[in-house]
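The values are calculated or read from the model by the stated rules, or taken from the named source; none is laboratory data. If you're wondering where the values come from, they're calculated on a predicted model, not measured in any experiment. Quick reminder, even Gly has a Cβ in these numbers, built from the backbone with ideal geometry, and neighbours come from all protein chains shown.
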């Protein structure tokens, strides 16, 4: 245990990092609300020169893991589950990526946009009549 890593009581569980350490002490994202079922997908960064002189102190390996996971669209809840992180932490990390335009958020359609049950029943009846 001389390597300076933090471990929980059961060394087999691996290193432990408190959630607030991943978010720099932030507890929520100040931008738009990220719904549990909103679909998150990674977008390709805009082409252009990369300025390596600017360091990103708030960038964590979890940001990279989220971008990798979101190559296929996933919901916020699925991302939290796959990473094994609390939902609040994942929302903050997603907010960081959203601020940098590295992800796209697609919200679920409001229920009012779905056709009523009566309309669906009429469509099914019409198809059966063919």
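Things to note:
- Top-ranked residue in region 54-70 [being surrounded by fewer than 15 Cβ atoms within 10 Å (Cβ to Cβ) and part of a loop (DSSP other than H, G, I, E, B); ranked as modelled with the lowest pLDDT]: 54
- Residue within region 110-128 that is under 19 Å from residue 29 (Cβ atoms) and free of Cβ contacts under 8 Å to residues at least 24 places away in the same chain present: no
- Residue 27 vs. criteria at pLDDT 65 or above, in contact with a helix residue (DSSP H, G or I) (Cβ under 7 Å, 6 or more places away or on another chain) and in a loop (DSSP other than H, G, I, E, B): yes
- Considering (1) closer than 14 Å to residue 39 by Cβ; (2) modelled with pLDDT of 90 or more, the lone condition that residue 124 does not fulfil carries the number (1).
- Residues in region 71-104 that are surrounded by fewer than 16 Cβ atoms within 10 Å (Cβ to Cβ), over 16 Å from residue 28 (Cα atoms) and in contact (Cβ under 8 Å) with a residue 40 or more places away in the chain: 101, 104.
- Total residues in region 90-121 satisfying the condition of being at pLDDT 90 or above, part of a loop (DSSP other than H, G, I, E, B) and within 14 Å of residue 76 (Cβ to Cβ): the figure is 0.
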